[in-house]
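First comes the structure, then the notes that go with it.
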Amino acid sequence: MVGLSLGEKHFIQGGIDQNIRSDGRKRDTYRPISVETGVIPQANGSARIRIGATEVIASVKAELGRPDALQPDQGKVAIFVDCSPVAEPMFEGRGGEELSTELSVVLQHCLLGGKSGAGAGIDLSSLIVAEGKICWDLYIDGLVISSDGNLLDALGAAIKAALSNTGIPRVQVAAGALGDEQPEVDISDEEFLQFDTSGVPVIVTLTKVGRHYIVDATSEEESQMSSAVSVSINRKGHICGLSKRGSAGLDPSVISDMISVARHISEQLINKLDSEISAAEAGEDEM
């Protein structure tokens, strides 16, 4: 929890009212964003994202599994977040566990849509190897290294970058398996399929402080918020998920306006991430 004096609170809220935040940004501007890929060699894909002083890592591990009986044409994705006590003393013990669970659930909803997979930003059908019998299970782990606000957007960006870095081994399925028999498979050690991230959304969180809402709130700004709305939006401008935090209610017209603003900002964020990911991948290839 960020402890601020009354003067500091007035300074933060006054700056937001005048569209000049305490770090010089406007209300709709992100802090500097940097991306590193391939930071965990043992994973199928990984990335580190820094947004200002917030730093997170995401890794992807792919394992062969069996599709659910009710969704035989889809693979599975599970998202877990760990909030390190090193990042923030309040993450020690129960506080960190509750936030980790909250972030995991919201990320699952924003990236994977409903239980049926409708609205999913990740194409689960692309993970099928043999329908009803073999699929890829993706285990996505997020780790908070340093926390200065806007963790959800940072984790969403890190997952998108890690998936861009993910290679799925090519699998040959032997013919001849009958009924429920599991077919034999040959997993290549040399050929990998690049994961398609064209539909993976970014998450844009709009935080309401006083009469205005801002993007990429710092911890100090978040301590003054009345509510926040996180919208996951893909490259086509389609909404994949929406989540609200905070006790204050929001008028439907305000939410509609926030979604419109989030759509506009998502285009800039996607372009920025694409550029940073491409640069990171090029640097990785040169090593």
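The values are calculated or read from the model by the stated rules, or taken from the named source; none is laboratory data. Just so it is clear, the structure is predicted and the values come from calculations on it, not from any experiment. We place every Cβ from the backbone using ideal geometry, glycine too, and count neighbours over all the protein chains shown. The accessibility values were calculated without ligands, DNA or RNA, using every heavy atom of the protein model including side chains. Shrake-Rupley method; radii C 1.70, N 1.55, O 1.52, S 1.80 Å.
Candidate values (1) 1.01; (2) 1.10; (3) 0.94 were compared with Rg/Rh (Cα atoms, Kirkwood Rh) computed on the shown model; the agreeing label is (1). If both residues of a DSSP beta bridge must be in the chain, then about 85% of such bridges are antiparallel.
Taking the protein heavy atoms of the chain in the context of the full set of protein chains, the accessible area attributed to carbon and sulfur is 51 percent at 1.4 Å. Result for the chain in a Gaussian network model with C-alpha springs under 10 Å: among 73, 141, 23, the largest mean-square fluctuation is at 23.
Volume per residue for region 205-275 equals 87 cubic angstrom (convex hull of Cα atoms).
Distance check, please: which entries in 244/272; 160/244; 133/160; 61/208; 76/236 exceed 32 angstrom between their Cα atoms?
Flagged as over cut-off: 61/208.
Using a Gaussian network for the chain with springs between C-alpha atoms less than 10 Å apart, which of these wobbles most: 111, 64, 155? The residue with the greatest mean-square fluctuation here is 64. The Rg/Rh ratio for region 25-116, using Cα coordinates for both the radius of gyration and the Kirkwood hydrodynamic radius, is 1.03. Accessible surface for region 134-277, divided over its residues, is 43 Å² per residue with a 1.4 Å probe.
Along the chain, counting only trypsin sites (Lys or Arg not before Pro) with a DSSP assignment other than H, G, I, E or B and at most 12 other Cβ atoms inside a 10 Å radius, the longest segment between sites is 116-210.
If the segment from residue 101 to residue 73 were pulled out straight at 0.36 nm per residue, it would be longer than the present Cα-Cα gap by 7.3 nm.
Taking label positions 7 Å along the Cα-Cβ direction at both residue 66 and residue 236, the computed distance is 3.4 nm, reported to one decimal.
Per residue, region 55-105 exposes 54 Å² of accessible surface when a 1.4 Å probe is rolled over the protein heavy atoms with every protein chain present.
Where does region 116-250 land on the Kirkwood hydrodynamic radius, alpha-carbon pairs, in angstrom? Result for region 116-250, one decimal place: 17.8 Å. In degrees between 0 and 90, to the nearest 10, how far off the longest principal axis of the chain does helix 252-286 point, with axes built from Cα atoms? Helix 252-286 and the main axis of the chain meet at about 60 degrees.
Computed 3J(HN,Hα) for region 200-210, one whole-Hz value per residue from the Karplus formula 6.51 cos²θ - 1.76 cosθ + 1.60 where θ = phi - 60°, is 6, x, 9, 10, 10, 9, 9, 9, 8, 10, x, glycine and proline marked x. Which shape class applies to region 138-214: rounded if a/c is under 1.5, otherwise prolate when a/b exceeds b/c and oblate if not, where a ≥ b ≥ c are the square roots of the Cα gyration tensor eigenvalues? Prolate shape, in that a/c is at least 1.5 and a/b is the bigger ratio. In this simple spin-label model, placing a label point 7 Å from the Cα along the Cα-to-Cβ direction at both residue 171 and residue 189 gives a separation of 1.9 nm.
Where a ≥ b ≥ c are the square roots of the eigenvalues of the C-alpha gyration tensor, would you call region 187-232 rounded, which needs a/c under 1.5, or, failing that, prolate if a/b is larger than b/c, or oblate? Judged from the Cα gyration tensor, region 187-232 comes out prolate (a/c at least 1.5, a/b above b/c). Look at the alpha carbon pairs under 8 Å that are at least 6 residues apart: their mean separation over the length of the chain gives a relative contact order of 20 percent.
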